[in-house]
Structures are given as C-alpha cells and as structure tokens.
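**Student:** My questions will all concern the structure given below.
Just so it is clear, none of the values below were taken in a lab; they were calculated from the coordinates. This structure is a prediction, so every number in the text was calculated from the model and none was measured. Cβ atoms come from the backbone with ideal geometry, glycine included; neighbour counts cover every protein chain shown.
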Amino acid sequence: MPAKLARPSAETLAAGTRQGLTPAELARIVEILGREPGELELGLFALNWSEHCSYKSSKHFLRKLPSESPRVLQGPGENAGVIQLDDELAVAFKVESHNHPSAVEPFNGAATGIGGIIRDILGMGARPIALLDSLRFGEPNVGAHRNTPVLDLLRGVVAGIAHYGNCVGVPTVGGELYFDDAYADDPLVNVLCVGLLHQRGERGLQPYGAVASGVGNVILLVGASTGRDGIHGATFASEELVGEKEAKRPNVQVGDPFKAKLLIEATLEACNVGARRAVPLRGQAQDLPLLIGLQDLGAGGLSTALPEMAARGGVGIELQLEKIPLRTRPMTPYEILLSESQERMVLCVPTGSELRFSRIFHKWGLEAAVIGRVIAEKSFIIRQEQHLLAQVPIEGLAGGPPPPDCALAAPDVVGAGLVPALASPAPASPQPAWEKPADWQARLLALLAAPGIGSRRPIYQQYDHTVQINTVVGPGAGDAAVLRIKDTPYGLVLTIDGNGRYGALDPYQGGAIAVCEAARNLVAVGAEPLGITDGLNFADPNDPEVYWAFAQAIQGLADAAQALEIPFVSGNVSFYNQSVRRKIPPTPIVGMVGLLRDINKRVPMGFQAPGDLIYRIGRARGGIGGSEFLKLFYGRGEAFVPNASPLLDKVELAFESRLLQAMRALAQQGLIRSAHDISEGGLLVTLAESALAGGRGAELDLDGRSEAELFGEWQSRFIVSVAPEAADSVARLLGERELPWACLGRVVPEPLLSLIGAHDHHHTSLHLDELRQAHEQALEGFFA
Amino acid sequence: MRAAVIVLPGSNCDHDAFYVLSQVLGVPTDLLWHEDVGAHGHTPLLQYDLIILPGGFSYGDYLRAGAIARFSPAILALSDYLARGCGLVLGICNGFQILTEAGLLPGALARNITRQFICQTVRLRVENADTPLTSALQTGEEIELPIAHDQGRYVVAPNGLAELKRNRQVLLTYAGENPNGSEEAIAGICDPKRRVFGLMPHPERNTELLLGNGDGLRLLRGLKQT
C-alpha cells in the first residue's frame, strides 16, 4: 500500500465526519480499502460502524453476560435468541429500543419499533406470538392541562404500538411504564417480541438465521418496495438529539402493519416450504428449495443486512442496484442502499428455486426480486448495470471499527451526575418520621393512585391482548403474562422489568435487581426462568461517568444472571439518550421468558379463599431508599436519604437464588394459593394488589410498623397466601431452606383491608372499593 | 358438517377460528385463501355448510374497515352461495364489517365513540335465541365475550333499525356499559332469513375454560347443532 494512502484525504475527512465517522475510523477505512473510499463506500462504513449496528462501545462489556445453558439454541449475535422448550418447540425472543424515533415522532417511531422487532423474530423463522413493552416518560404533571408534552408523547407512543400490534395480530400481553423527569427529553420505548418455533421437516428445531452461503445462490429482496424513507436512521440513533426534533422527522420511517402482516405469513410459508426438500420433478429427486437464511431490513437497510449475512456465511455478495423495486424514482444508489423502508426482508435461496420462493410472496401481494448473488470473493460488491459503485471487504465492514477509547470514571457521589437532582443537598423539609406512619390509609391510597404504580388499564385496553387465543394471564392480571402453547400442557411466562431510579442510585444494583425482579415475576407465577433479553438504555458513552455506569450495570446483570443461572440470549443497547439539559439514568431493562411445565399449576396473584394465611417470605429488614414512597411524599431529592439508610438496599444474590428455588418448590407442590412479589410501592401496595386481584379482603397484624417496613422496597420478598392445612408444610419447607418468613394475617370474606393493633386489637381499614378506585384513577384522563 | 374460514390479506383471527372450529368444536374445517374461491377459483363454496369471515384488518382497513375486502372473490361469491345453497355465513369483527360493506347485513360499523381501540371482555344480553347461531342460548340471558376493535359502533338508519327490531334480527346487545357507542347497544345481528350473522364480539376467543368461561363455545355450538 502506498504510504500516501495511509491517511485519509481532507475530502474524505470532511465527508466522513459529516457522516459521524471519527478520524481514527476514517484512517482504518483507508487502510482496509487501500485507497480513498467513494461516497457510497463511506456511507456503508458509517452505517455498519455506527454504535447502533456495531455495538462498538458496548461489545467488550456485553461479553461478560453469561449466555450458555443446555437449552440455548441461539445465543447473542443473531436477530433474536432462541431457547428450546422440548424436542419439538423453541421460543425466539428479543428486546429492541426505538427511543430516538419515538422522541421525534412518537406514533410512527413506536409503530416501526414494533415492526422491527417482529421482523427480528420472523428472521429466526419463528411466528411472533406476543409483544411486551417497556416505556419511560417525563412526569405527566397532569393538573388542569390535559395536553402536556409528556402526555402527547405517551398518547402518540401508545397509539403507535396499538396501531401496528393490533393490525399484525400479535397480542400485546404485558409491559411496564415509569414516569420520571429524567426521561422528559428522552422517552424510552423498548419492545419485546416473543416467537414460537415448531419443528420443521428436515430442519428439525434448528432456527433460521441471517446467513448467506453457497456461491451462485440467490439474494431475494421481499416485502415492500424501497423508498426514500428513514435514510440514516441508524446513525441518527447513535447520537444525541440536539436542536429541533422536527428536523429529524424525515429520519423516522413510516410503518405499514398491513404489509407487515402479509410479510409474516409469506415469510413463514417460505420458511416452511424451505424446510422441505422439493417434490420430485420430472421423475428426478430435486434437492433444491432449502431456504438458506433470511434477515430483516432494519437499521441501515441493505447496507448492513447484506454484509452481515455474508460475514456469517464466510462469503461475499454482489448486489445489482437496478433490480431493486423502487417506490419512487429517481433514487440515488446511496439512497437505495441506505433506505430503511419498512416491511422488507432478504432471503438467501438456492439458485434455481428463486421462482418458487418468489411465487409465495407474489401470492400475498408482495414484491420479490432477485437483487444479487453469493460470490466467493469475500467482498460486498455493488453495481448499477455495468458500473462498479463499491467494493468493500466484508470483514472490514462487519468486523466493526477500531474500539473507541471511551474512558471510565466513577462519580464522586454515586447517583450524582447521573441524576442532577440527587447531587443537591438534602432538602430542608423536616426529617421524616420513619418510625411510625402518620396515616397509612392516606399514604396507601396515594401510592395506588400514583402514575408509577396504579392500573395501566387505559393503556392496555387499547392493545389487542387476546388475539391468537393463547392469553391465559393478560396485562394487569399478574406479575407476569402467561400464554398457553396449543397442543401442549405448557405455559409460556413473560415479563419485562427495570427500574431507572435504582440504576441512578447504584448502576450495579440497578442491573442486578432488574434480573432478580424479572425472575421474581416469573417465579411468582410458578415458572422456571429460561432466558433473558436485555434493553440497555444509557446516555452518551463518551461521558466517563456514563460509561462507568454502563460497565457497572453490565456487571450487575452478569452477576445476577450467573447466580440465578439464566442465560442472556439477545439484547439491544441504546446510547445517547440525553439532551443538552439532562441525561437519562442508567436504565437496564430485562425481558425474561419462563416455562410452566403444567399451565394448570400457575399461581394467581390474588387472594383466593377466606381463612387463608398471608405470609411474607424473604428478607426481613431493609431501608426505604429509592422507593416510590420517597419519590411521592418527599420529592426526588430524598430518594437519597441522609443518615437513614444506604441509598439502596443491595440484593444478595445467593439469598435470592435460594428464595426463588423455594418459591418454585412451593408452587410445584401446590402449597401456595397465591403469590405476588413485593416491588414498587412496598409491602402494603403488594397486599392491596393481591386483595384487589382476588376480590378478597385481608386482616393484617401490621399496625405500628415503621414506614420503611410498610413502604420500603427492599429486595427479595414475596407475599403468598396459604391454606391453613398447608401451613405446616410451608413452614417446614422454608425452615429447611433457612428462609425467613412471617405470618402477617389472613384473608377475610369482608371486602376490607384492615390493620389490627397488636395490643388493643383496634382496627383501621380501607374498603376494597376505595382501593380499586384509587388504583384505577392513576392514569385517568391521560387518554381522554 | 363442514366449515370454511376465509383468509383475506390482513385477516388475523383466521387461525383462531380454524383452531376453535376444528379442535374445540370438532367440525371439519378448511382455511380458504380468498382468491381460491369464486368465479376464478377452484374451490366451490357450496360444499361448505358454514362460511366464517374471521376478524382482522383485511386490506389494512384502509379506506374503511371491510370497504376493499367486499370486492374479494370470496366475498363476491357469497351472494351466489346464499342464493343456491342453504349454508350459513358468520362474520366476526372484521367479518361483520365486511358483511355490512357487502350489503349482506344492514347498517354499518363506525369508529368507536371513544376514538380508541378497545380490547376487553364485555357482558352481552341475548336478544333472540331463536336463530341457528344463538339456539344453544336463552333469550334474556347474559354471556361474556371479548371485544377487540376500533370500528365497532353499530349504526343504522331509523327505518333500518325499526326493521331490525320488527324481524327480531338483533341477536346480542351490550349489557351494562355500551363500550363503543353502538346504536341501541347492538353487538350482533342477522339477516331476515337467519342465515347471515355478524358479531363484533369474538366468540372464538372464549371457548376454553383456560381462556374464559366458555360462553363462546355455547354460542358456536348452536351452529353445529343446526
């Protein structure tokens, strides 16, 4: 290589910088090519090496996440992870974020987020069977105004999810939602999709993947035609949103869920056909139509999808741009290649079978065009007619950029810098009397009515959650969603969880608790956790404190997953969630999939029968730091409680593991009538939720307990109800496992939640109707 | 008895209806691609005793729900099917919308009064148990079925409404809350000859005790018995 080419020219530097490439990356590009890159080539690198596509700042840390178990059929790195359920069934699942697009254009941003994650699942050859979403917004501050910017965002996002999810016929069965001003400029929209894979002919349970192989084989572009929408979506996702959000609107794609539905059916038909060898043709056995691989077109469009497929197959791809069906003309090669037009997939099929596969898509009214071929030279070659437009080594593109040198630095005060308000000194309000609650009824009602805790019905009733007739426990009805799997005794149990406030106070704990909390959700239902998919939402990784928090959170996730023996199989990283005014707190979100071997053994959340004993199982003491209670009654500054307790109680992973095993044993042996994990809002909120879910009251010996005990959110606790005749067996099982527990009271026939005085037997109570009213009003008027 | 579930582009309850008919009700059932039926298709509808138009968003509900689907070969073939045979047609949700667009049932389904998609289980009152669809139920009883729609507000001209009532074509009404603002809380109707049925609620989503109280099965059983 001539020496003068070792450094990029001034023109390349200027053009590359405009596309978000660093000088170090541009130098590496010149080194890879052995020459200056053309405009199209520069665009290819910019997309493939963007944070969004290359995980350049996160890759190194993500390797720490344990990803192995005998059930893992596909671990991280594919379009989705896949876990085997038995010899004939597997589930594919993944979380994807669509934060930036949703901030700019909430309806289409959220809608195309659903479209993207559905295609990821489809890319594994799985039928999408469920969606869950995890949303973060600024404080709604609903007062006289029903049209705050936060509500506009929330309405747009929810309408977008409903629009797309309902139309494609994939039920939205669960989710979570938090409000915090740290998310005011950067709302988070993370979506989890779960798909079911059945054994297919000769393929067996082997999932499909994003792979191209076999020199001469055909690259088929299917689905929608290619338009000028969403160009540079991936690079836009890899930078801070600055200036006018309106200016970024053209970066957001517009989804067509109808076309997506057609694409799902056609692609699954192609997967099924492609799993069988062809019928004999003219007496000769044909070995043709085994579908080789498929890939969804998401961020970066063809420019990232094709190199990825080629890299995985150890081949090259030659693309003929003029073969691509266009929606609008003229389009430049750059626009065609980088277009993020939705509802498109690429298939790699054996040469000679292209017609057979094309016909499937044509039947469904979709495009199918042969746009290229697999070649032996490991390059991505792009031609238009006879003209060579780009020729880039696959490994250079798919191998990612040189690692950026992001620095790590722990902040002086944990939590400070991540959440500015936390850095300020404790407010002048009087030191709260943690010892004895002033008025537990008023506080409980206020917590139940808090937007962070109350009923999400106004949202989930806009989502079709019963289509596909599998939803046994839907949104709002339990700690986790339960789907039956037809023709099996199984229940698939799904949850998504993560608490940014914990992440702000202690990013390590934020990560660890997210895993534990998701596992608790599954175990409360009686399920065995099988696998994790993570959504990691952070601010700018070039900020050393953010990067430190990221590393801490990953370590927390990894340690917890190791302790609980649950593998990570897929995930998503979203950086740059910050504005000039604020950064989001470290927000690791965990999606988890579990299995109930016998769906009839699922444990409900609500109290079942009067006379049943109510137990708290798990840790017996803790603090009040980081709680919804502190946020609601003392303002966010006092999430940091001076001299009262550590910022956040630490989760003890060995204890958690023992606790979860005991809970599963209790469920398997049928010893508990109900179970609900204690999370946001603390003990009393959990008790109230179990009372409401079962429509049964409870008498509880809790009078005079401290507020920390009633409202603290310390970890590793469940509320269960136990039939009196099972009490001895439960005590024995918990005793053998050395787990603390306490009997708090019993379920009563009257619709009252009562606290009884320890000495004077004086009752103070709340009617279930009052509790329900408070719970239901939390989001009242948000969608009016 | 033999049933067919018509698959239109955008149908998304086709597999659900197929599963319930074949597995829960035990009726031999075919999934029929809409273009394989009718003038140019090779599958005659007349071999079926029951045609189901399933829920979903046929043709994306673009223009209006059902407005494009009514031109599908399978839907165009329904008039002939009804004229020449004695089979029944049941449209559920989007299927109901298509039947009104095709003029096979009176009235229309407009956007919910809440202007939002609504998915919830509702209580329904049986208004007329004297039809094949409702024959396993009692007039006046209440049943529970899920709804999931954006355009489910039944509207009909005053004289049309009078006629519906005169002919006792109203099968189900929402009991208690009228979730979508339907005229007279109407949730399901039939044609004067009791051969074409349209329901906004989804009986196929409540036929197994794992998923609900099974009221949907009690309803659909009526079709099997006739």
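**Student:** Report the calculated FRET efficiency for residue A:13 and residue A:181 (r = Cβ-Cβ distance, R0 = 35 Å), to the nearest 0.05. Spell out each step's value before the answer.
**Tutor:** On the way: r = 40 Å, r/R0 = 1.13.
According to the calculation, E is roughly 0.30.
**Student:** Take peptide A:468-478, look around each residue's Cβ out to 10 angstrom, count Cβ atoms belonging to other protein chains, and average those counts. All intermediate terms of the calculation are to be shown ahead of the outcome.
**Tutor:** On the way: counts 6, 18, 4, 4, 4, 0, 4, 1, 0, 0, 0.
Average neighbour count from other chains, rounded to a whole number: 4.
**Student:** Moving on to the next point. If each residue's Cβ is checked for other Cβ atoms within 10 Å, how do A:323, A:631 rank with the fewest at the top? The partial results should precede the final answer.
**Tutor:** Working: A:323 14, A:631 20.
The fewest-first ordering by Cβ neighbours comes to A:323, A:631.
**Student:** Return the aspartates and glutamates within reach of residue A:363: Cα separation strictly under 12 angstrom, same-chain partners fewer than 8 residues apart disregarded; answer none if there are no such residues.
**Tutor:** Partners found: A:265, A:269, B:35, B:36.
**Student:** Estimate the FRET efficiency between residue B:130 and residue B:23 by the formula 1/(1 + (r/R0)^6), using the beta-carbon distance for r and 35 Å for R0, to the nearest 0.05.
**Tutor:** Working: r = 29 Å, r/R0 = 0.82.
Once rounded, the FRET efficiency stands at 0.75.
**Student:** In the range A:56-130, which trypsin sites (Lys or Arg not before Pro) are in a loop and have at most 16 other Cβ atoms within 10 Å, using DSSP for the loop call? Could you put the intermediate results ahead of the total?
**Tutor:** On the way: sites: A:56, A:59, A:63, A:64, A:71, A:94, A:119; in loops: A:56, A:63, A:64, A:71.
Those that pass, being in a loop and sparsely packed, are A:63, A:64.
**Student:** Could I ask something else about it? Provide the percentage of antiparallel DSSP beta bridges, counting only those with both residues in the protein assembly as shown; round to the nearest 5. Don't skip to the answer; put the middle values down first.
**Tutor:** Details: 120 of 159 bridges.
Just about 75 percent of them are antiparallel.
**Student:** Then there is this: Based on Cβ point charges of +1 for Lys and Arg and -1 for Asp and Glu, what charge dipole magnitude is obtained for the protein assembly as shown about its Cα centre, in debye rounded to the nearest 20?
**Tutor:** Values: 87 positive and 111 negative charges, 434 e Å.
Computed charge dipole of the protein assembly as shown: roughly 2080 debye.
**Student:** Taking the Cα centre of chain B as the origin and placing charges on Cβ (Lys, Arg +1; Asp, Glu -1), which of B:33, B:202, B:133 is farthest toward the positive end of the dipole?
**Tutor:** B:133
**Student:** Take the residue pairs A:59/A:94; A:56/A:261; A:64/A:94; A:601/A:650; A:56/A:650; A:94/A:631 and return only those whose Cα atoms are more than 24 Å apart. Don't skip to the end; give the middle numbers.
**Tutor:** Details: A:59/A:94 17 Å; A:56/A:261 33 Å; A:64/A:94 18 Å; A:601/A:650 32 Å; A:56/A:650 31 Å; A:94/A:631 31 Å.
Check vs 24 Å cut-off fails for A:56/A:261; A:601/A:650; A:56/A:650; A:94/A:631.
**Student:** Against the longest principal axis of chain A, how steep is helix A:39-48, in degrees 0 to 90 to the nearest 10, with axes from Cα atoms?
**Tutor:** So the helix axis and the longest Cα principal axis differ by about 30 degrees.
**Student:** Among A:687, A:720, A:700, flag the residue with its Cα farthest along the positive direction of the charge dipole of the range A:680-732, charges on Cβ as +1 for Lys/Arg and -1 for Asp/Glu.
**Tutor:** A:720
**Student:** Let me ask something else about it. Which residues make up the longest stretch of chain B clear of GluC sites (Glu not before Pro) that lie in a DSSP loop with no more than 15 other Cβ atoms within 10 Å, not counting the sites?
**Tutor:** On the way: sites that count: B:141, B:177.
That would be B:1-140.
**Student:** Right, here's the next one. About its Cα centre, how strong a charge dipole does the range A:70-398 have in debye, to the nearest 20, once Lys and Arg get +1 and Asp and Glu get -1 at the Cβ? Write out the running numbers ahead of the final one.
**Tutor:** Working: 29 positive and 37 negative charges, 266 e Å.
Dipole magnitude for the range A:70-398 comes out near 1280 debye.
**Student:** Here is a further query. Please report the net charge: other residues with Cβ closer than 9 Å to the Cβ of residue A:590, K and R +1, D and E -1.
**Tutor:** Details: positive: none; negative: A:497, A:517, A:534.
With Lys, Arg at +1 and Asp, Glu at -1, the net is -3.
**Student:** Compute the Kirkwood hydrodynamic radius of the range A:3-53, taking the inverse of the mean of 1/r over all pairs of distinct Cα atoms, and give it in Å to one decimal. Mind showing how you got there, number by number?
**Tutor:** Numbers: mean 1/r = 0.0946 Å⁻¹.
The Cα-based Kirkwood calculation yields 10.6 Å.
**Student:** Going through the range A:449-550, which trypsin sites (Lys or Arg not before Pro) have at most 16 other Cβ atoms within 10 Å and a DSSP loop state?
**Tutor:** On the way: sites: A:456, A:484, A:486, A:501, A:520; in loops: A:456, A:486.
Within the range A:449-550, the qualifying trypsin sites (Lys or Arg not before Pro) (loop, at most 16 other Cβ atoms within 10 Å) are A:486.
**Student:** Lys/Arg Cβ at +1, Asp/Glu Cβ at -1, dipole of the protein assembly as shown taken about the Cα centre: which of A:504, A:98, A:116 is farthest positive-ward?
**Tutor:** The Cα lying farthest towards the positive end belongs to A:116.
**Student:** For every other residue with a beta carbon closer than 11 angstrom to the beta carbon of residue A:404, add +1 if it is Lys or Arg and -1 if Asp or Glu, then tell me the sum.
**Tutor:** Details: positive: A:56, A:59; negative: A:25, A:51, A:405.
After counting each charged neighbour, the total is -1.
**Student:** Using Cα pairs closer than 8 Å and at least 6 residues apart in sequence, work out the relative contact order for chain A, in percent.
**Tutor:** Across chain A, relative contact order equals 15 percent.
**Student:** Could you tell me which chymotrypsin sites (Phe, Trp or Tyr not before Pro) in the range B:1-98 are loop residues by DSSP with no more than 14 other beta carbons within 10 angstrom of their beta carbon?
**Tutor:** Values: sites: B:18, B:19, B:33, B:48, B:57, B:59, B:62, B:71, B:81, B:96; in loops: B:48, B:57, B:62.
Loop-located and lightly packed - B:62.
**Student:** Next question, about the same structure. Under the Karplus relation 6.51 cos²θ - 1.76 cosθ + 1.60, θ = phi - 60°, what is the ordered set of whole-Hz ³J(HN,Hα) values for the range A:64-76, x standing for Gly and Pro?
**Tutor:** Residue by residue, the range A:64-76 yields 6, 6, x, 9, 10, 6, x, 8, 6, 8, 8, x, x Hz.
**Student:** State the Cα centre-to-centre distance between the range A:93-109 and the range B:45-112 in whole Å.
**Tutor:** The two parts, judged by their Cα centres, are 36 Å apart.
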